[in-house]
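**Q** Next up is a structure, given as structure tokens.
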Amino acid sequence: MLMTKEQYIESLKKLNMQVYLLGEKVDEPTEHHMIRPSLNSVAMTYELAQAPEYEDLMTTVSSLTGEKINRFTHLHQSTEDLVKKVKMQRLMGQKTASCFQRCVGLDAANAVFSTTYECDLAHGTHYHENFIKYWTMIQQKDLTVDGAMTDPKGDRSKSPGQQADPDLYLRVVERQEDGIVVRGAKVHQTGMVNSHEVIVMPTVSMKPEDADYAVAFALPVDTEGIIIIYGRQSCDIRKLEPNADLDLGNKNFGGHEAMVIFDNVFVPNERIFMNGESDFSGMMVERFASYHRQSYGGCKVGVGDVLIGAAALAAEYNGVPKASHIRDKIIEMIHLNETLYSCGIACSYQGCRTAAGNYYVDALLANVCKQNVTRFPYEIARLAEDLAGGLMVTMPGQQDWDNEKLRPYIEKYLKGVECVPTINRLRVLRLIENLTLGTAAVGYRTESLHGAGSPQAQRIMISRQSNLEHKKKLAKTIAGIKEEE
Ligand code: SF4
Ligand code: FE
């Protein structure tokens, strides 16, 4: 059953999460002014799924139950499904101009589904069956799931077991008849507070001696022992100011990240998807990462659409939309943004069927996609700041606007073209500020760099997938180089 936006928010209120923000426990996260915009972004995944015009993108038929489901819970059944995923993410980026968080669970599900199948074949385990039961429940209840991969990792030169503190990678600390006890932490957790469930996966490929770290499972986010520390963002406490409206730039939507502690948490057997099979940890990591690198070819492009639109509006309000250098900069932004999209679409069309039956992206192209995302949004943001002008960071704020004495001056002196009210000009500049320097810059800039793996992680995958030997052979043939020479 698809949940409505209202049912989704109600369902979150029933959870009893241990969330801390600015050092204090948050009693009702859904009502907190700093959290609520990020909740609204996830809620949009529910709202659009109810809209007839987006039915084909936002919903589909479940391969597990034959019922109508939200595409954010779908196990991709074709390359067309992979393409629709990217298009859905671009749409969501356009509607929220932020990170809408629900993709991580989707990407985790598709990676765990195929990896558990292959692990069971090799080891005679029953993880795939566990996962199918679990994910059927998720689809039927239309839940939001966080995907937790990144461990704190301590000293990067040391493997998990060599760390001075063995908990720097999440691990199994006890095996009981009916389940396991895990301890550790996951950082950069996108959307944890707006999720019902969390799927935990290993963070790197594990060696046999680190088998206790090769662990994957799912839990409700309010399970005993799970503690969530909400991450700070640039300009975040503007959201706590009364009537902050103008200063927020994007007052309704946002994203969030959190640090999540697993303090001796019990996981029942039926929710375990990996428990010591270190030889399959690399597969799970690589598949999740590649799916999520595909995702960025959709979500960041949608946010880019909003930023390009805002930059064009700023130029228009300044009266210079036709200046040739302005037009050229906008064309450059569009070119960069569509290049990101092209990679997202390409790695989807080049996807293939896994042994388990769902579809996987072309890993080389997905990594090229994300590598571009580590660069192009920075250039798009630079051009947007160029077009916005310095006023974006020097202009008065909402409280000045609300001051009866000051407002006439602001209206008079910060006016651009005659036909556009000054407040509109200020609004669009604040939106650009939000996307390039404010709360949304977490998603548009730094997350573009480090989310779904830092740039070097993609370069390793690109090198692994690129088949350089084949290219050398091609060159030898064309050049007429014979091996014996
Ligand atoms: Fe989805 Fe993009 Fe946010 Fe990842 S960064 S969760 S792909 S919106
Ligand atoms: Fe992300």
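The values are calculated or read from the model by the stated rules, or taken from the named source; none is laboratory data. Note that the coordinates shown come from a computational prediction; the quantities given were computed from them, not determined experimentally. Cβ coordinates were reconstructed from backbone atoms using ideal geometry, including for glycine residues, and neighbour counts include every protein chain displayed. Ligands, DNA and RNA are excluded from the accessible area calculation, which covers all protein heavy atoms including side chains. Shrake-Rupley method; radii C 1.70, N 1.55, O 1.52, S 1.80 Å.
**Q** Take region 339-359 and flag every residue that is more than 30 Å from Glu129 (Cβ to Cβ) and either among the acidic types (Asp, Glu) or open to solvent by 50 Å² or more (accessible area, probe 1.4 Å) (or both).
**A** Ser342, Tyr349, Gln350
**Q** A further question follows. With a cut-off of at least 1 residues that are of a type in the set (Phe, Trp, Tyr) and open to solvent by 40 Å² or more (accessible area, probe 1.4 Å), name the helices (runs of 4 or more DSSP H) lying wholly within region 360-447. Let's see the steps before the verdict.
**A** Details: elements: 363-373, 376-388, 391-394, 398-402, 407-413, 422-436.
Because the criterion is at least 1 residues that are of a type in the set (Phe, Trp, Tyr) and open to solvent by 40 Å² or more (accessible area, probe 1.4 Å), the helices (runs of 4 or more DSSP H) in region 360-447 that meet it are 376-388, 407-413.
**Q** Identify, from the list Leu91, Leu82, the residue that is more than 16 Å from ligand 2 (Cβ to nearest atom), under 23 Å from Tyr46 (Cα atoms) and open to solvent by less than 10 Å² (accessible area, probe 1.4 Å). If you could, list the steps in order and put the result at the bottom.
**A** Values: Leu91 fails: open to solvent by less than 10 Å² (accessible area, probe 1.4 Å).
The conditions single out Leu82.
**Q** Based on this model, can you work out whether Lys95 counts as among the basic types (Lys, Arg) and within 16 Å of ligand 1 (Cβ to nearest atom)? Before the answer, list the steps.
**A** Working: among the basic types (Lys, Arg): yes; within 16 Å of ligand 1 (Cβ to nearest atom): yes.
In short, yes.
**Q** Something else: Quick one: how many residues across region 6-34 are farther than 17 Å from Asp222 by Cα and under 20 Å from the mean Cα position of the chain (by Cα)?
**A** 1
**Q** If we scan region 472-482, do we find a residue that is within 16 Å of ligand 1 (Cβ to nearest atom) and assigned to a helix (DSSP H, G or I)?
**A** no
**Q** In this structure, is Ile462 of a type in the set (A, V, I, L, M), free of Cβ contacts under 8 Å to residues at least 12 places away in the same chain, surrounded by 11 or more Cβ atoms within 10 Å (Cβ to Cβ) and away from ligand 1 (no atom under 16 Å from the Cβ)? Can you show your working first?
**A** Values: of a type in the set (A, V, I, L, M): yes; free of Cβ contacts under 8 Å to residues at least 12 places away in the same chain: no; surrounded by 11 or more Cβ atoms within 10 Å (Cβ to Cβ): yes; away from ligand 1 (no atom under 16 Å from the Cβ): yes.
The answer is no for Ile462.
**Q** A follow-up question, please. Looking only at region 275-303, filter to residues that are part of a helix (DSSP H, G or I), of a type in the set (D, E, K, R) and away from ligand 1 (no atom under 13 Å from the Cβ); which one of those is surrounded by the fewest Cβ atoms within 10 Å (Cβ to Cβ)?
**A** Taking region 275-303 as the starting set, the residues that turn out to be part of a helix (DSSP H, G or I) are 278-303.
Subset that is of a type in the set (D, E, K, R): 279, 286-287, 293, 300.
Filter once more, so that each one left must be away from ligand 1 (no atom under 13 Å from the Cβ): 279, 286-287.
Working: Asp279: 16, Glu286: 18, Arg287: 23.
My answer is Asp279.
**Q** Kindly indicate whether Val221 is at pLDDT 95 or above, closer than 19 Å to Ser195 by Cα and open to solvent by less than 40 Å² (accessible area, probe 1.4 Å). Can you show your working first?
**A** On the way: at pLDDT 95 or above: yes; closer than 19 Å to Ser195 by Cα: yes; open to solvent by less than 40 Å² (accessible area, probe 1.4 Å): yes.
Here the answer is yes, as Val221 does meet what is asked.
**Q** Which residue pairs have Cβ atoms closer than 7 Å, lie 6 or more positions apart in sequence or on different chains, and pair a first residue in region 43-59 that is open to solvent by 40 Å² or more (accessible area, probe 1.4 Å) with a second residue that is hydroxyl-bearing (Ser, Thr, Tyr)?
**A** Gln50/Thr4
**Q** Sticking with this one: So Pro202 ticks every box in (1) open to solvent by less than 30 Å² (accessible area, probe 1.4 Å); (2) farther than 14 Å from Ser38 by Cα; (3) in contact with a strand residue (DSSP E or B) (Cβ under 8 Å, 6 or more places away or on another chain); (4) not in a loop (DSSP other than H, G, I, E, B) but one. Which box is left unticked?
**A** (4)
**Q** If you scan region 279-293, which residues turn out to be within 10 Å of Lys370 (Cβ to Cβ) and within 12 Å of ligand 2 (Cβ to nearest atom)?
**A** First, pick out the residues of region 279-293 that are within 10 Å of Lys370 (Cβ to Cβ): 289-290, 292-293.
Hits for region 279-293 are Ala289, His292, Arg293.
**Q** When you look at Asp212, is it touching a residue at least 40 places away in the same chain (Cβ under 8 Å), open to solvent by 10 Å² or more (accessible area, probe 1.4 Å), in contact with a Leu (Cβ under 7 Å, 6 or more places away or on another chain) and acidic (Asp, Glu), yes or no? Walk me through it before giving the result.
**A** Values: touching a residue at least 40 places away in the same chain (Cβ under 8 Å): yes; open to solvent by 10 Å² or more (accessible area, probe 1.4 Å): yes; in contact with a Leu (Cβ under 7 Å, 6 or more places away or on another chain): no; acidic (Asp, Glu): yes.
Answer is no for this residue.
**Q** I need every pair where a residue in region 118-140 that is more than 21 Å from Gly276 (Cβ to Cβ) has its Cβ under 8 Å from the Cβ of a residue that is loosely packed, with under 15 Cβ neighbours inside 10 Å and at pLDDT below 95, sequence separation at least 6 or different chains.
**A** Gln140/Met1
**Q** Sticking with this structure for a sec: So how many residues does region 94-118 have that are open to solvent by 10 Å² or more (accessible area, probe 1.4 Å) and aromatic (Phe, Trp, Tyr)?
**A** 2
**Q** Can Thr136 be described as surrounded by fewer than 23 Cβ atoms within 10 Å (Cβ to Cβ), of a type outside the set (Lys, Arg), within 16 Å of ligand 2 (Cβ to nearest atom) and modelled with pLDDT of 95 or more?
**A** no
**Q** Let me ask something else about it. So, in region 186-195, of the ones that are in contact with a helix residue (DSSP H, G or I) (Cβ under 8 Å, 6 or more places away or on another chain) and open to solvent by less than 10 Å² (accessible area, probe 1.4 Å), which residue ends up nearest to ligand 1 (Cβ to nearest atom)? Walk me through how you get there before you give the answer.
**A** We begin by selecting, within region 186-195, every residue in contact with a helix residue (DSSP H, G or I) (Cβ under 8 Å, 6 or more places away or on another chain); these are 188, 190-191, 193-195.
Next, only the ones that are open to solvent by less than 10 Å² (accessible area, probe 1.4 Å) stay: 191, 193-195.
Numbers: Gly191: 7, Val193: 14, Asn194: 11, Ser195: 11 Å.
Here the residue is Gly191.
**Q** Here's a follow-up. Name the residues in region 448-471 that are in a loop (DSSP other than H, G, I, E, B) and either more than 16 Å from ligand 2 (Cβ to nearest atom) or among the charged types (D, E, K, R) (or both), would you?
**A** The initial filter retains those residues of region 448-471 that are in a loop (DSSP other than H, G, I, E, B), namely 451-454, 466-467.
Across region 448-471, the qualifying residues are Ser466, Asn467.
**Q** Can you tell me how many residues in region 123-156 are within 21 Å of His188 (Cα to Cα) and not β-branched (Val, Ile, Thr)? Don't jump to the end; show me each part of the working.
**A** Of the residues in region 123-156, the ones within 21 Å of His188 (Cα to Cα) are 143-156.
Still in the running and not β-branched (Val, Ile, Thr): 143, 146-149, 151-156.
Number satisfying all stated conditions: 11.
**Q** Give me the residue from region 330-359 that is among the charged types (D, E, K, R) and in a helix (DSSP H, G or I) and, out of that set, nearest to Ser454 (Cα to Cα). So that I can check it myself, show each step before the final result.
**A** The first filter runs over region 330-359 and keeps only residues among the charged types (D, E, K, R), leaving 332, 338, 353.
Subset that is in a helix (DSSP H, G or I): 332, 338.
Details: Glu332: 25, Glu338: 22 Å.
Checking each candidate, the answer is Glu338.
**Q** Hey, can you tell me all the residues within region 264-274 that are in a helix (DSSP H, G or I) and either open to solvent by less than 10 Å² (accessible area, probe 1.4 Å) or out of contact with any Phe, Trp or Tyr (no Cβ under 9 Å at 6 or more places or on another chain) (or both)?
**A** Pass one, region 264-274, residues in a helix (DSSP H, G or I): 269-271.
The answer is Asn269, and nothing else.
**Q** Could you check region 1-101 for strands (runs of 3 or more DSSP E) lying wholly inside it with 1 or more residues that are closer than 22 Å to Val301 by Cβ and of a type in the set (Ser, Thr, Tyr)? Full working, then the answer.
**A** Details: elements: 19-21, 59-61, 68-70.
Output list reads 59-61.
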